[in-house]
Amino acid sequence: MNMVMWGRFIIGLIILAGGSQAAAYQEYMVSDGGSIMGTVYLGGQVPKPKGYNLTTLPDPFYCGRISDGQGWRILQPFNVGLGGEFREVVVYLEGVEKGKPFDETSTPQVEAKDCLFLPFTMAVRDDQSVTVVNMDPVMHDIQAYETSNLGARVLFNVPLPMNPQHPRNFKDRSDAAMYHRHMAGAPTKQLVNLSKGRRIFVMQCGFHAYMESWGVAVNNPYFAKTDEEGRFAITNVPPGTYKLVVWHPYVRTSVEQTITVRPKETMETTLMVQAPTGRLYANEVLEHDYVRYNVTEEAQKEIDPMIQKQKR
């Protein structure tokens, strides 16, 4: 098998949430569309991140290349700038019954890279495939769930094998060991069906609990993700009044705004998301030193944050 065949590890995620709504959307060439541009901010104190003791999970040497220098991997679901710019949140329109076509030229992709799932958040069409690629020299196991206020439901659980060309001596940090090279594993496909009325799904690694990627299924192509400045742009919107919705997987309250789009005009808006308070997850990073699962000094020396030394 040539390297092209090894070059991609694909899992087809067919998102079928609310199929009747998706069928109702009509595509046409919008000639008088307007645009929505804006900024999303997070108000209040940024929630604490999650903390994971790498010595209690597989592959601490490799995955520890991103860690806090004390043997812990930190996962901060809230990507917020110094001025409160809320990054990596999805903004989408509800109430658009017809408009521009979906972009059929690209497929959303998630990469398992350096023991992270990237991107952390995404929007997908409710009947679109998503590509998942394992770039690491370690095994990953994808566990996918659909979520709602009714609870989670398992969608599938499949392994993401690594490319066999990867070196296996993780303690050999030399260039000759190709330690930093990323190569994709062998291809496979998996079908996912979201139950009617459910729009949120999450993919986690069964081996590395700190690997997460969240998605929201949309019924029309009017959506965007905020950039490093918290900015977004939704273009070629048919004139009309719609609901603008902000989505982040750990913000449980609804954040939306009614807007009116006028022909060939650009409107500017600002959306403020109030940071959730209280303890959001069981493995929240503590203010004081970790005491329950201490990492020995010997283990700390072995776990080298050579890519990124994280802050708690």
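The values are calculated or read from the model by the stated rules, or taken from the named source; none is laboratory data. The shown structure was predicted, so the numbers you read here are calculated from the model rather than taken from an experiment. Cβ: placed from backbone, ideal geometry, glycine included. Neighbour counts: every protein chain shown. Please note that ligands, DNA and RNA were not included when accessible areas were found on the heavy atoms of the full protein model with its side chains. Shrake-Rupley method; radii C 1.70, N 1.55, O 1.52, S 1.80 Å.
Can you name every residue in the range 68-87 that is on the phi > 0 side of the Ramachandran plot and in contact with a Pro (Cβ under 7 Å, 6 or more places away or on another chain)?
Answer for the range 68-87, where residues must be on the phi > 0 side of the Ramachandran plot and in contact with a Pro (Cβ under 7 Å, 6 or more places away or on another chain): just Gly69.
Which of the residues spanning the range 120-156 are acidic (Asp, Glu) and touching a strand residue (DSSP E or B) at 6+ places or on another chain (Cβ under 8 Å)?
The answer is Asp126, Asp136, Asp141, Glu146.
For the range 225-236, enumerate the residues that are open to solvent by less than 20 Å² (accessible area, probe 1.4 Å) and either free of Cβ contacts under 8 Å to residues at least 40 places away in the same chain or on the phi > 0 side of the Ramachandran plot (or both).
The answer is Gly230, and nothing else.
Looking only at the range 111-132, how many residues end up being more than 16 Å from Pro221 (Cα to Cα) and either more than 14 Å from the chain's Cα centre (by Cα) or open to solvent by 40 Å² or more (accessible area, probe 1.4 Å) (or both)?
So the count comes out to 5.
Output yes when any residue across the range 266-274 is in a loop (DSSP other than H, G, I, E, B), out of contact with any helix residue (DSSP H, G or I) (no Cβ under 9 Å at 6 or more places or on another chain), within 16 Å of Tyr92 (Cα to Cα) and at pLDDT 95 or above, and no when none is.
No - not one qualifying residue is present in the range 266-274.
Matching residues to (1) under 17 Å from Gly33 (Cβ atoms); (2) free of Cβ contacts under 8 Å to residues at least 24 places away in the same chain; (3) exposed (fewer than 12 other Cβ atoms within 10 Å of the Cβ):
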{"residue": "Trp214", "(1), (2), (3)": "no, no, no"}
{"residue": "Phe223", "(1), (2), (3)": "yes, no, no"}
{"residue": "Trp247", "(1), (2), (3)": "no, no, no"}
{"residue": "Ile259", "(1), (2), (3)": "yes, no, no"}
{"residue": "Glu265", "(1), (2), (3)": "yes, no, no"}
{"residue": "Tyr281", "(1), (2), (3)": "no, no, no"}
{"residue": "Val285", "(1), (2), (3)": "no, no, no"}
{"residue": "Gln300", "(1), (2), (3)": "no, no, no"}
{"residue": "Lys311", "(1), (2), (3)": "no, no, yes"}
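From the set of residues in the range 33-53 that are in a strand (DSSP E or B) and small (Gly, Ala, Ser), which is farthest from His248 (Cα to Cα)?
In this case the residue turns out to be Gly34.
Looking for something within 30 Å of His182 (Cα to Cα), buried (at least 20 other Cβ atoms within 10 Å of the Cβ) and under 18 Å from the mean Cα position of the chain (by Cα) - is there at least one such residue anywhere in the range 96-110?
Scanning the range 96-110 turns up at least one residue that is within 30 Å of His182 (Cα to Cα), buried (at least 20 other Cβ atoms within 10 Å of the Cβ) and under 18 Å from the mean Cα position of the chain (by Cα).
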